[in-house]
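First up is the structure itself, then whatever we jot down about it.
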Amino acid sequence: MNIRTAQVKDAEDLAKLFEQLGYACLPSELIERLESRVDGHNEIFVAEVGEGVVGVIVFNTLLPIHEPGKWGVVSALVVNESVRGQGVGAALLAHIELHARRLGCTQMELSSNESRKEAHAFYEKNGFSEKRKRFVRLLSA
């Protein structure tokens, strides 16, 4: 398995992965988002097996003013259904943890839909623990 930075050429594979979690993304939209990542506060890594992308993790950094250090936030982690349970997700999390440490992050966090019980067990197995409730207000475009 190879983990690398996502590229524009991955857009179609990424759209298929995000669709597995119920997020409808067009490859053209993903290309635009991949090309606009210039601020250094978010990174997208993919896991490849052979010639195919089988997983993706989206990582963002925040600099809270009320606590010391940076926070690393995983805003998406998807592993292709055909290879779940084979270590791809754990490898992506381990990769991002090393990356977060290099950036000086003092914690990492992620959110997961309440219905994804298997994902919750996976995150706990990989060192995450439930800490807070998350409240979201959607803003219209």
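None of the figures in this text is laboratory data; all of them are computed from the coordinates on show. Keep in mind that this is a model prediction, so the values were computed, not measured. Cβ atoms come from the backbone with ideal geometry, glycine included; neighbour counts cover every protein chain shown.
Spin-label pair ALA24-THR106: with each label point 7 Å from Cα along the Cα-Cβ axis, the two points sit 4.2 nm from one another. Amide hydrogen proximity for VAL54: with H placed 1.01 Å from N in the peptide plane, the residues at 5 or more positions away or on another chain lying under 5 Å are ALA47, GLU48, VAL49. Using equal-weight Cα scatterers in the Debye expression, the normalised intensity of segment 2-125 in log10 at q = 0.09, 0.10, 0.11, 0.15 Å⁻¹ is -0.25, -0.31, -0.37, -0.70. Put simply, when 24-32, 77-85, 54-62 are sorted by average Cβ atoms within 10 angstrom per residue, most first, you get 54-62, 77-85, 24-32.
Taking amide H as placed 1.01 Å from N in the peptide plane, SER75 has its amide H under 5 Å from the amide H of VAL58, PHE59, ASN60, each at least 5 places away in sequence or on another chain.
Would you calculate the convex hull of the Cα atoms in segment 42-82 and tell me its volume per residue in Å³?
Details: hull volume 2.7 nm³, N = 41.
Residue-normalised Cα hull volume stands at 65 Å³.
Reducing segment 1-48 and segment 63-141 to their Cα centroids gives an inter-centroid distance of 17 Å.
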